[in-house]
Amino acid sequence: MPRCSARYFHLDYKSRPGTAGKAQEKVTRDARDRVKFSPMRVWYNPRYYADIGENHVFPMRKFALVRDRLLREGTLRPDEIVESRPVRVEEALLVHTADYVTRLRAGTLTERELRRLGLPWSKALVRRSFFAAGGTLAAARWALEHGVASNLAGGTHHAFADRGEGFCVMNDVAIAIRVLQREGAIERAAIVDLDVHQGNGTATIFAEDPRVFTFSVHGAKNYPLFKARSSLDVGLTDGVRDDDYFAALRDHLPAVFAHEPEIVFYLAGADPYQGDRLGRLALSIAGLRARDELVLDECRRRAIPVVTVMAGGYAADLNDTVEIHCHTIRAVRAIFAPSLISTEQEAADARRA
Ligand SMILES: [Zn+2]
């Protein structure tokens, strides 16, 4: 277990006996009272999958595998998974240039652009990008109402306004923020990007927008070679383990909340993992779970709506990547909706939704 993470690590206070447990239970209940809680909602669509060849380093199967595991183990009930719809083209155009979106849809990106993207073009790839962005947008709307929601995809933070890059076709989080800003649903937002690679596309898209705080914790020597400038960048040296990672995150996370965001988008990348092929850091699976709990609990304590998206994960063993992503949703369950058994009110809300 990472140093100093104990108070974040075990959030199932009710299972702890004794007076201390009761005191903590009260704290938990008081914090929860500040947010209107609801049944969990997680967005997913089978169209998140696109065939890019089985030997590709990008594990396209992970989306379905995460969903299947969460259902099988009972972390999610089937009625808690909502089928994503695609964002509209005009919504994508709030972030991306018309030229890029037109050529992306038509399949006329240049060889150079496709090399940079690192994925083979197909109609299914374009479709998945629109559906994944739709999942993030819908999750954000739900989180604004109810405190938390997740998308079992998204976090494609290397996508710029005019190009895709590093397996990222469109920037789902940027699109969600721009749509919500346009609707007047939010003004200020923050992005907590803990994928191991810097969120260069996101940082560039919001560089001139002081309403959006971009926070990226990444490997300083890792891709992308040339970093963009986020509101706050924390570049870590190769081989950083749980303790140092936690210290850095704890030190810098308060800056995110000082920005007073109305919503937080959390990119819970699985690639800081020690077994990741593209990560260069050395976090354990338990350390990554504790990381998720820290971010989620800090949002909950402040009653700031939070949306989790998956971002990257390239473990040598796909099973590890899936497990790390599942942990994020388990952490959401543990922190925001500890009971799998619906109250009558929750059941009624779920039927209406
Ligand atoms: Zn990454």
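Read the figures in this text as sums done on the coordinates, not as results from a lab. Just so we're clear, the structure is a prediction, and the values are computed from it rather than from any experiment. Cβ coordinates were reconstructed from backbone atoms using ideal geometry, including for glycine residues, and neighbour counts include every protein chain displayed.
Once you charge only the Cβ atoms, +1 for Lys and Arg and -1 for Asp and Glu, what is the size of the charge dipole of the range 137-243 about its Cα centre, to the nearest 20 debye? Let's see the in-between values first.
Numbers: 10 positive and 14 negative charges, 34 e Å.
With Lys and Arg at +1 and Asp and Glu at -1, about 160 debye.
Between residue 188 and residue 221, what length comes free when the chain is fully extended (0.36 nm per residue of separation minus the Cα-Cα distance, one decimal in nm)?
Numbers: separation 33, 0.36 × 33 = 11.88 nm, distance 3.06 nm.
Taking 0.36 nm per residue and subtracting the Cα distance, the gain is 8.8 nm.
Stretched out fully, how many nm does the piece from residue 247 to residue 116 gain, at 0.36 nm a residue minus the Cα gap?
On the way: separation 131, 0.36 × 131 = 47.16 nm, distance 3.38 nm.
Value of the extension gain: 43.8 nm.
Please say if the range 133-190 is rounded, prolate or oblate, where rounded means a/c under 1.5 for a ≥ b ≥ c the square roots of the C-alpha gyration tensor eigenvalues, and otherwise the choice is prolate for a/b larger than b/c and oblate otherwise?
Values: a/c = 2.74, a/b = 1.54, b/c = 1.77.
It comes out oblate by the Cα gyration axes.
First check a/c for the range 214-264, with a ≥ b ≥ c the square roots of the eigenvalues of its C-alpha gyration tensor; if it is under 1.5, answer rounded, and if not, answer prolate when a/b is larger than b/c or oblate otherwise. Could you put the intermediate results ahead of the total?
Values: a/c = 3.10, a/b = 1.34, b/c = 2.32.
Because a/c hits 1.5 or more and a/b fails to exceed b/c, the range 214-264 counts as oblate.
If one computes the Cα centroid of the range 151-166 and of the range 62-99, what distance in Å separates the two points?
Value for the Cα centre distance between the two parts: 14 Å.
Once R0 is set to 22 Å, what does the formula 1/(1 + (r/R0)^6) return for the Cβ-Cβ distance between residue 68 and residue 316, expressed as a FRET efficiency to the nearest 0.05? Show your work: numbers first, answer last.
On the way: r = 21 Å, r/R0 = 0.95.
Efficiency at R0 = 22 Å is approximately 0.60.
Rounded, prolate or oblate, given the Cα gyration tensor of the range 42-340, with a/c below 1.5 counting as rounded? Mind dumping the intermediate values first?
Working: a/c = 1.17, a/b = 1.15, b/c = 1.02.
The shape class here is rounded.
For residue 258 and residue 90, calculate 0.36 nm times their separation in residues minus their Cα-Cα distance, and state this gained length in nm to one decimal.
Between residue 258 and residue 90, full extension yields an extra 57.2 nm.
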